Amino acid sequence: MPHAPGENRQVDLDRSVAELADLFADCFSFESVREVVDECRDLLAKTGHHRDDLEQVTVRFARDQLASIAKNRGFLSTERPEVLFVCVHNAGRSQMAACLLDHQARGQVVVRSAGSEPRGSVHRAVVAAMAEVGLDLSTAFPRPLTDAAVRAADVVVTMGCGDACPVYPGTLYYNWELDDPADQPLDRVCTIRDEIARRVEGLAALLIPAQRTPD
């Protein structure tokens with residue numbers, strides 16, 4: 001007998017939990033992975049993310065969260081610097097910054113983004129503005145800010161989220177004063193995008209040796 005739609009989604013989620021448990025088998029028990037996945041699903045649901053792909057984005061969020069926790073506990077190590085962009089809703093500025101840096105770094109930097117009060121979806125004008133420069137944010141989704149993500153980051157860039165982001169020794173913090181693209185027309189969002197791109201280029205030059213200019 002075929003499963004109902006809700007049952008199918010649960011079956012898919014259970015399968016994804018098993019895959020994550022295999023991926024992080026050297027770091028966590030199956031029960032611990034399941035707990036993180038459940039926590040991530042609850043956090044996303046609280047943002048208003050009730051779309052049909054909640055299970056899919058839960059797995060994506062949980063994978064990053066597990067990687068952050070594993071790094072913080074010393075189970076995983078990487079020579080790549082990790083950057084976390086944080087704004088209020090993770091629906092505009094931090095999404096654009098993360099996408100731009102990920103594109104420019106080409107795998108040489110671990111890039112994440114989050115919001116102190118995340119919304120359910122990325123602003124449509126932001127998706128359109130990024131599409132104009134050939135970058136796809138159509139599958140991006142706002143992620144809640146977690147302590148694990150901040151602890152795992154080597155660089156944290158905040159954008160209008162005040163004191164919501166915890167401060168840890170050894171982490172480099174920047175605060176970028178940028179206009180919020182929420183409810184802005186597309187041309188204004190493109191202007192904000194270009195300012196973010198300029199700042200991202202400077203950050204990439206600090207993080208990626210090949211992009212540093214000679215003295």
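The values are calculated or read from the model by the stated rules, or taken from the named source; none is laboratory data. Keep in mind that this is a model prediction, so the values were computed, not measured. Because the Cβ atoms are built from the backbone with ideal geometry, glycine has one as well, and the counts that use them run over all protein chains shown.
Give the residues of the range 60-83 that are among the small types (G, A, S) and either more than 16 Å from the chain's Cα centre (by Cα) or surrounded by fewer than 16 Cβ atoms within 10 Å (Cβ to Cβ) (or both), sorted by residue number. Residues satisfying the conditions are A70, G74, S77.
Elements of the type helices (runs of 4 or more DSSP H) sitting completely within the range 23-116 and holding at least 1 residues that are of a type in the set (D, E) and assigned by TED's automatic domain parsing to the domain that holds C165: these cover 93-105.
Applying the selection to the range 151-184, what residues are hydroxyl-bearing (S, T, Y) and touching a residue at least 24 places away in the same chain (Cβ under 8 Å)?
T158, Y174
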